[in-house]
């Protein structure tokens, strides 16, 4: 799996004319594209059969070219927006062709294209969507940690003030998120696998127990990094070794 | 982190929870304007969680409690009460350093006397001086009459017994009276706490209360209303009793010179000293009968202030009171009395205080031998305390009832609390120290003033 800002560093190379890097990035992003398009279509897709995936791939490539850090949107989120937008347009077109007689009053066929041409409105559209998505993401995150018995208020109380402690706990959270079986255990038993973390990270049991809620919250953020794109890109977490 | 940016995760009433780019969750004050989840805001200082209102409430409550405890511990509290009936009845609360912490009049005259005086926080001596001066000024103490001053000293706490020395009170009262040349009979008694409370209950001084109960024992009925409202002198005339027969006058062991037998010279009496009113002493009552211990009789005698000049003549008890006062300056006599050495209050200076021997028929010769008698050891004194007042017709006066209610409230306030207990323990210790120092000083004074 890839992290948003790793893609952004690849983006940097591509901007400097590193074409193999582009190939590499697109290849790496294929599962991501498949998941985004698959969720949009509501079914699992196959690279060999389904045109939607190709549309998504082209949209991702477009996103690489058009991405602007000034938008204040993570590249992953931006790419997802572009893919969704293009695939939706594609599906609409497909559907119209399928039932021409039934859908006369649909948006003008070049609506999407004209929006793409108008940079100002496009940027505004991106910003609006980003705000909405960010909000939804936080709500989802709130729900997710609530299921694990944690509120934001708890996290205020248990956030380690000292940078060192925080980095230690984030290291533990990264370890937990990187080991899917451990995170699954956490979800099932609603209990942090302390012994495994002690063994895996060498952090003392006391520290882990004390930072329990914070570790779980951060691990959740990292584990569902594709769900929580905005949050993950917002916090500059030191990357622990997966 | 003075300033920071954060992503709003949760919006609360006055604050919001943000996630910083460092991965910290913080609760910060809500910025002005609308805040939405997902918005990035700039915040100042994170809200200190323990400054939140409920923490604040608990903390301030604790502070208040501690402040109250400290205040209560430092507040001057009366450890003894000195009550005085001239006709104005006043009661002074005395703290452990013998300063006046409360003063109230128990009747209208008492209030009038206290009005305009500034005796709070004054030493007892100065306060009493002020009150007596005022009584003389207002003619409550009339130079043309023989006046009666009835005073009681009550210790509130057994731990602080003796903070207010009866002898001292005697001196504090007698001195200004003597200095002004007013003729007055001074009776001082110690009352116990129970008596004080019962007296408070009836809105009167312990002295009057003792008078009432003692009178009843002798078959003299004084109603609550009478004891509250009438002057003691008038009651004496009306009911034909003598206060000095009913209330044992305090008498100490170590103040020999105050006794008539010690021949402290009564000098410099005011010229034209009025004679005692014949009415006041017309009937020597059968006092010895109700006092089982003969030897204690001496302690029960009221001391005559100012008027009694028959120095050394009490051995002729049948007539001393009716004799016109004779001014006798007899400085040499006191030298012969060993007891004088123990009398620091009256060093060198002749005291005008005389015990009135009027009703001591046949007992006076024993006077000098009876020094150890203490009033508070007398069975009679105990009787005073335990005697329950009979139901007597109650004065329906509203004011009286009000005073009684207030007094009851005062009594309730004096209930036992740990703070008081500790404070009293401490004060008892402090008093002990103080009295030791005083004794040393007295001895020194006596040594420096050989008479």
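Quick notes
- For the range B:183-228, the Kirkwood estimate of hydrodynamic radius, built from reciprocal distances between every pair of different alpha carbons, is 11.1 Å.
- Order of A:129, B:113, A:82, B:58 - criterion: other Cβ atoms within 10 Å of each residue's Cβ, fewest first: B:58, A:129, A:82, B:113
- Mean sequence separation of contacting Cα pairs (under 8 Å, at least six apart), scaled by the length of the range A:146-234, corresponds to a relative contact order of 35 percent.
- Derived value for the range B:1-155: Kirkwood hydrodynamic radius 21.0 Å. Basis is the mean of 1/r over every pair of different alpha-carbon atoms.
- Alpha-carbon geometry of the range A:113-225: the Rg and the Dmax are 17.9, 59 Å, given in that order.
- Order by protection proxy (mean Cβ within 10 Å, highest first), peptides B:167-175, A:20-28, B:63-71, B:200-208: B:200-208, B:167-175, A:20-28, B:63-71
- Radius, Kirkwood style, for the range B:103-176 when every pair of distinct Cα atoms is counted (Å): 13.4
- Per-residue shielding of A:77-90, expressed as the average number of other chain Cβ atoms within 10 Å of the residue Cβ, stands at 0.
- Spin-label model distance (nm) - residue A:39 vs residue B:435, 7 Å beyond Cα toward Cβ: 9.0
- Here is the size of chain A from its Cα atoms: Rg then Dmax, 20.7, 69 Å.
- Label-to-label distance, residue B:74 versus residue A:70, with points set 7 angstrom from Cα along the beta-carbon direction: 6.7 nm.
Read-outs throughout are calculated quantities, based only on the coordinates presented, and are distinct from any laboratory measurement. Only a predicted model underlies this, so the values are computations on that prediction, with no experimental measurement involved. Positions of Cβ are generated from backbone atoms using ideal geometry, with glycine treated the same way; all protein chains shown enter the neighbour counts.
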